[in-house]
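Report on one structure; see the data block that follows.
The values are calculated or read from the model by the stated rules, or taken from the named source; none is laboratory data. What you see is a predicted model; the values in this text were computed from it and never measured. Ideal geometry is used to build each Cβ from the backbone, glycine not excepted, and the neighbour counts take in all protein chains shown.
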Amino acid sequence: MKLRHLVVSSGLAIAVAAFAYTPAFAADAAAAASDSTAATSKPAPTKKSVRAANRAFSKTVHKAIFKTKGLEQSTIAVFGDAKTGHVTLSGQIESEDQEGIAVNAAKKVPGVTSVSSKLTLREQGGG
């Protein structure tokens with residue numbers, strides 16, 4: 001009976017001591033973790049903000065293309081990735097020269113790192 005009483009009271013004393021020191025360690029650990037993450041990382045962008053940035057970037061390139069002489073009447077869609085600076089052009093053009101003009105106009109826009117062209121030559125109908 002005395003042995004059982006000794007084991008139970010020892011276990012109780014250890015448990016009380018552990019709970020008494022845990023909040024102090026937890027507070028120190030939380031403070032250290034918040035200091036290290038605040039200094040090294042920034043919040044991840046949301047999907048909504050990424051889409052808005054891509055739309056704004058694409059719109060800037062689109063405006064530059066349609067201000068370029070010889071491309072005012074073309075049907076070119078612009079898909080841009082603001083983070084990487086990659087731009088894809090798709091749509092129809094009336095002459096092969098327009099493809100080079102469109103690619104060069106897109107490359108001149110600040111922030112554009114690469115341009116891929118998926119432009120197709122519009123077939124001339126008639127009879």
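List of remarks:
- Neighbours by Cβ (under 9 Å, 6+ apart or cross-chain): first from the stretch 47-67, free of Cβ contacts under 8 Å to residues at least 24 places away in the same chain; second of a type in the set (Asp, Glu) and surrounded by fewer than 18 Cβ atoms within 10 Å (Cβ to Cβ): 66/72
- Look at the stretch 108-124: where a residue is at positive phi and a partner is surrounded by 12 or more Cβ atoms within 10 Å (Cβ to Cβ) and assigned to a loop (DSSP other than H, G, I, E, B), sitting 6+ places away or on another chain with Cβ atoms under 9 Å, you get 111/82; 111/85.
- Test for residue 115: is it touching a Lys or Arg at 6+ places or on another chain (Cβ under 7 Å), modelled with pLDDT of 90 or more and not basic (Lys, Arg): yes
- Scanning the stretch 113-126 for residues that are in contact with an Asp or Glu (Cβ under 8 Å, 6 or more places away or on another chain), assigned to a strand (DSSP E or B) and surrounded by fewer than 17 Cβ atoms within 10 Å (Cβ to Cβ) returns a single hit, 121.
- Only listed residue being in contact with a Gly (Cβ under 9 Å, 6 or more places away or on another chain) and either at pLDDT below 95 or in a helix (DSSP H, G or I) (or both), chosen from 51, 55: 55
- Within the stretch 67-112, considering residues that are touching a strand residue (DSSP E or B) at 6+ places or on another chain (Cβ under 8 Å) and part of a helix (DSSP H, G or I), the one farthest from residue 45 (Cα to Cα): 96
- Of the listed requirements (1) farther than 30 Å from residue 96 by Cα; (2) modelled with pLDDT of 60 or more, residue 28 misses just one: (2).
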